[in-house]
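Step one of this worksheet: look at the structure below.
The values are calculated or read from the model by the stated rules, or taken from the named source; none is laboratory data. From a predicted model like this one, the values you see are computed outputs, not experimental measurements. Note: ideal-geometry Cβ built from the backbone for every residue, glycine included; neighbour counts use all protein chains shown. Each accessible area value is taken on the protein alone, full model and side chains, heavy atoms only, with ligands, DNA and RNA left out. Shrake-Rupley method; radii C 1.70, N 1.55, O 1.52, S 1.80 Å.
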Amino acid sequence: MFEYHEPQSLAEVTSFLAAHGEAARVLAGGTDLLVQMRKGRHQPRHLLNIKTVPGLDQIVVTEHCVEIGAAVTLHDGEKFLSSHPEYGVLCQAMHSVASCQIRNRATLAGNVCNASPAADTVPALAVLGASVKVHGSRGDRLVPVERFFTGPGRTVLLTGEVVSAIVLPRINGGGRGVFLRKARRPSLDLATANVAVHGAGANYRIALGAVGPTVIRVREAERLLARQGLTAPSAAEAARIARQAARPITDVRGSEEYRLELVAALTERALLTLAGEVRA
Ligand SMILES: Cc1cc2nc3c(=O)[nH]c(=O)nc-3n(C[C@H](O)[C@H](O)[C@H](O)COP(=O)(O)OP(=O)(O)OC[C@H]3O[C@@H](n4cnc5c(N)ncnc54)[C@H](O)[C@@H]3O)c2cc1C
């Protein structure tokens, strides 16, 4: 049994969370949380539906960033980003999550806050240099997405804090990206491995998901691409480095060895696809 609440402001959310600690949980789309509650993994006494907080369903574009509110669904986020090709990697990642029914309820912030190592949007956010906007009693703080996670299902959020938005930096001079994933079936299953790559000018970024406790940026491969440019041989070498950087486990979705092969194959394919986009 739990009590359901419809807070009307972020201040109401944070003071309620601070007062009730572990007994209260934020509810966004509920596509992770309700499943976990049914399995007995969480048994909160209070659920706070942040979709009732005015303004959190907005996407705000400023000179420096794009702020995607915590109640923006994956569907609405994808629709907005589809006319911003520089954020294509995130658009593709959002589209790859589950099914259209789930994307119509699930939020981008919920995908991040759930902190699954296999979350599809997280590698895409990492290569875009995104940050998580955290609201607490002392105001807002911005946490780079790569530093938001402390382990599977764990984040840096403190008692009384809530995520109010995901913040994407504006990418001057364009940029293109590619997101690829492999799962046991095409949809409605978490990724066995996923890879996001992004290129802007001579700068390339690569991030891996589902092959470590948290998202992995492959900086050594990024430096190689910056030195050598993106060619077939450098893509193959970057894929080899990505394979070395991965720290997968064996579970129901795949063995450690299979995931290592996937990382190399997906990274090379993503980079070669990106090379085609950059030249087009
Ligand atoms: C059938 C099925 C298939 C799926 N397939 C995929 C898939 O392919 N890829 C993938 O990545 N995911 C998948 N998922 C997982 C899920 O849909 C996503 O993680 C979703 O984006 C979660 O968002 P939500 O709004 O539903 O979060 P919720 O379930 O509401 O919340 C998730 C967690 O985050 C916390 N939380 C939510 N918002 C905030 C906030 N603003 N501040 C602080 N804490 C917050 C909640 O308390 C909860 O602990 C699937 C789920 C199902 C049921």
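Rolling a 1.4 Å probe over the protein heavy atoms gives the chain an accessible area of 48 Å² per residue.
Using only side-chain charges placed at the Cβ, +1 for Lys and Arg and -1 for Asp and Glu, the dipole size of the chain relative to its Cα centre rounds to 540 debye. Once you order the gyration tensor axes a ≥ b ≥ c over the Cα atoms, which shape class does region 176-279 get: rounded for a/c under 1.5, otherwise prolate or oblate by comparing a/b with b/c? Here region 176-279 falls in the prolate category. The listed residues Ser137, Ser131 rank as Ser137, Ser131 when sorted by accessible area, largest first, using a 1.4 Å probe. When the solvent-accessible area of the chain is split by element, carbon and sulfur atoms take up 51 percent of it, the probe being 1.4 Å.
The charge dipole of region 176-279, taken about its Cα centre with unit charges on the Cβ of Lys, Arg, Asp and Glu (plus for the first two, minus for the last two), comes to roughly 200 debye. Taking 19 Å as the straight-line reach from the Cα of Lys133, the lysines in range (excluding those fewer than 8 positions away in the same chain) are Lys51. Charge tally around His135: other residues with Cβ under 15 Å, Lys/Arg +1 each, Asp/Glu -1 each, net -1. Placing unit charges on each Cβ (+1 for Lys and Arg, -1 for Asp and Glu) gives the chain a dipole about its Cα centre, and among Val218, Val156, Leu34 the Cα reaching farthest toward its positive end belongs to Val218.
Mean projection of the Cα convex hull over all viewing directions, computed for the chain: 14.2 nm².
Farthest toward the positive end of the dipole of region 1-90, out of Gln43, Val13, Val53, is the Cα of Gln43, where the dipole comes from beta carbon charges about the Cα centre.
Region 60-117 and region 218-250 have Cα centres separated by 26 Å. Note on region 1-153: Cα convex hull, mean projected area over all directions, 9.2 nm².
Its Cα centre serving as origin, region 3-169 has a Cβ charge dipole (Lys and Arg +1, Asp and Glu -1) of approximately 520 debye. The slack in the chain from Glu257 to Gln228, taken as 0.36 nm per residue of separation less the alpha-carbon distance, amounts to 7.6 nm. Among Thr52, Thr192, the sequence by solvent-accessible area, most first, with a 1.4 Å probe is Thr52, Thr192. Against the criterion of solvent-accessible heavy-atom surface with a 1.4 angstrom probe, Arg247, Arg38, Arg219 sort, most first, into Arg38, Arg247, Arg219.
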